[in-house]
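Note sheet for the following structure.
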Amino acid sequence: MNRFRMAAALMVSGVVLWAGVFPVAGADGWGMAGPVPVLAQTEPPNPWENDPLRLVPFATTSHRVYSLSEDLWEVWVCRVPGWDTQVDVGEAVDFLNSTVGPYFRELSDGRYQPVFRQGGRVESSDEVASGPGLEEGDFAPGCAEAVRLQAAEREGERFPEETGPAGALIVVEFEGYRTGHGTFGNLCPEGYQPGCEPSYPTNGRRVVVGAGAVVAQPPLDSPFWSLVVHEMGHALAWPHSYSGKFSTTRPGALGFYDNPMDIMSNIPLTAPQGTTVYHRYSAGWIDPSSVEIYRGGKETYRLHRGGAAAGLAQMVVIPAQIVDGAEADETHAVGDGHFYVLGVRRLSGLDAGVHKVGVEVYEIDQRRQACESRARSWLPHWPCFAVWTRVSQAVAPSVFGAVDHVISIDEKIRLGETLIQVVSADADSFVVSVDTRDSGRFIDDDGLDHEENIETIASRGITLGCGVRLFCPDRLVTRAEMSAFLVRSLGSGSPAAQGALGAEPPWDGLTLSGDRVFADVSPQDWFAPFVEQLAGRGITVGYGDGSFRPDRSVTRGEMAVLLVRTFGIPTAEPTGMFDDVSPDAFYAGAVEALYASGITMGCQAASAEADAETLLFFCPSDEVSRAEMASFLARALQPGG
């Protein structure tokens with residue numbers, strides 16, 4: 001990667017005076033050293049401004065600095081006293097390019113390209129001990145300093161146009177295979193400053209591992225390269241995912257490694273597994289268009305692992321305030337940086353060896369209290385970010401290594417007021433329902449056949465109900481209400497009223513003589529803006545006498561015509577497939593189009609005789625209830641509907 005191009009991407013002019021920080025993963029967590037930055041402006045910037053979904057603070061200056069292009073690493077081997085282990089630098093480079101490189105290319109769908117090249121050899125007087133446990137800390141500072149000095153000499157000899165490495169991978173020649181650490185290096189989340197040059201050694205970005213990560217060390221028969229992947233995850237600003245329920249490194253320490261589903265937690269001795277859907281999103285490997293934000297009610301999602309596709313999502317976000325029984329904020333649904341994410345894991349590719357397939361649920365906490373011990377010296381508006389973001393299993397494991405946060409078909413997880421359940425699956429995806437019963441929806445639709453569809457249109461803002469937590473499902477739909485339903489279904493929200501129904505062409509609300517188009521629709525009527533939009537779009541023309549008749553109930557035949565026009569459903573010459581719909585009826589083509597689209601299956605006619613099973617009825621003259629209208633709209637809004 002061209003380091004000057006990367007530096008330009010980091011730059012935010014004159015925001016922070018900052019000398020750099022040096023975060024390192026240690027056995028007891030993460031630390032940020034360095035001076036407290038001083039703001040050079042009155043209004044602090046918004047930490048989430050570079051992520052359209054507000055899920056990743058300082059997205060372009062922390063998580064995505066190195067993750068969206070080639071990432072060049074120099075490999076160094078460090079000799080320490082007391083060990084006879086031998087590592088060939090060239091062979092280590094070849095091994096890393098054949099294992100770690102392909103791993104990340106697959107995990108990122110080709111967006112991230114780590115490349116390894118030879119750095120050299122150094123020596124250190126570090127006393128390095130080997131132990132049986134997994135120790136994550138700065139265990140060879142002398143090696144890191146020796147590499148830094150040699151890299152600095154090379155940096156001074158390079159031409160300005162030459163590309164420098166983005167990090168140093170240091171292999172310490174000793175027999176330990178489970179010891180390592182990784183650091184993102186200097187972080188300047190609010191702008192580019194001296195010390196934040198994104199190439200090594202200025203950036204301080206490094207990974208240090210024992211020799212067993214690149215050459216086989218007893219008792220293993222092959223290199224423990226999963227450790228390299230884990231530490232490089234930290235170098236991409238990924239935190240551990242862990243429940244905090246167990247201790248694995250020393251008495252009293254948090255158990256960082258109790259999640260076998262995530263390479264950033266439990267590191268397998270064999271080939272590494274994948275990582276959480278949030279880590280992949282934070283790195284920029286999942287497009288925001290593949291993310292759904294849950295806003296309450298009952299919703300169904302089809303989750304998959306691959307790229308963007310119509311009707312599919314890679315990640316579902318559930319704001320914590322909904323789980324806690326509150327309403328989601330309309331402007332910023334994830335609120336203060338506390339939310340849950342749903343993603344899919346399948347027995348394929350990198351996840352061929354995962355403990356369980358299904359939908360995994362994680363809690364993401366970026367509130368200051370989640371990293372308070374680290375945040376005390378930060379600017380007041382900084383949330384937890386990068387390696388300090390708290391990622392944990394939404395359901396704590398019952399025993400160490402359990403995967404209670406992963407659910408398969410017919411399994412469910414309840415988070416506060418919200419129920420998450422996997423309802424079906426196919427070879428590529430899982431269908432999951434999310435239902436918050438006490439989220440301010442309706443109490444008079446419980447148990448109805450139309451309940452799910454009522455909740456669906458409510459969650460999309462298509463209906464506001466008929467009172468406090470009431471929908472009035474049995475009440476007939478009026479033409480005025482139908483206008484509001486249809487306009488909101490188009491994503492137009494609630495339009496502002498126009499004076500005298502005036503609007504810009506193609507329809508200004510007036511006839512050529514200056515009279516209102518619909519004599520019975522006043523500009524002061526609550527439904528006037530909705531009627532105006534429908535008329536302007538050519539969806540309704542009213543009646544021959546110039547009236548709209550807003551209080552009149554809608555029949556099923558009329559409704560069919562309105563739905564076809566609103567959603568652009570193609571029609572054909574009527575065939576007379578419904579026994580109670582004449583091919584000459586004005587609604588015949590629309591009725592058959594709804595049937596072909598799966599939006600209606602007809603009705604059970606009250607007058608049908610014994611041979612009703614051989615007949616197909618639509619009941620075009622029957623009036624439509626609000627509950628029935630909800631089902632028609634919900635089906636029409638489904639992909640392919």
Tell me the label-point distance for the pair residue 271, residue 300, using the 7 Å Cα-to-Cβ offset, in nm and rounded to one decimal.
3.5
Expected field for residue 298, accessible surface area in Å² at 1.4 Å probe radius, rounded to 10, holds 50
Ranking request for peptides 276-282, 541-547: highest mean number of other beta-carbon atoms within 10 Å first, then the rest in descending order.
276-282, 541-547
So how much slack lies between residue 379 and residue 113, counting 0.36 nm per residue of separation and subtracting their Cα-Cα distance, in nm?
92.4 nm
Taking the Cβ-Cβ separation of residue 347 and residue 91 as r and a Förster radius of 35 Å, what is the calculated FRET efficiency to the nearest 0.05?
0.60
For an R0 of 41 angstrom, estimate the FRET efficiency from the Cβ-Cβ distance between residue 245 and residue 70 and round to the nearest 0.05.
0.55
Please give the FRET efficiency for residue 582 paired with residue 446, using the beta carbon to beta carbon distance and R0 = 51 Å, rounded to the nearest 0.05.
0.85
For residue 298, which lysines qualify as cross-link partners when the Cα separation must be under 30 Å and same-chain residues fewer than eight apart are set aside?
356, 412
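The values are calculated or read from the model by the stated rules, or taken from the named source; none is laboratory data. Keep in mind that what you see is a predicted model, and the values were worked out from it rather than measured. So basically every Cβ, Gly included, is an ideal-geometry build from the backbone, and we count neighbours across all protein chains shown. These area figures cover heavy atoms from the full protein model, side chains too; ligands, DNA and RNA do not enter into them. Shrake-Rupley method; radii C 1.70, N 1.55, O 1.52, S 1.80 Å.
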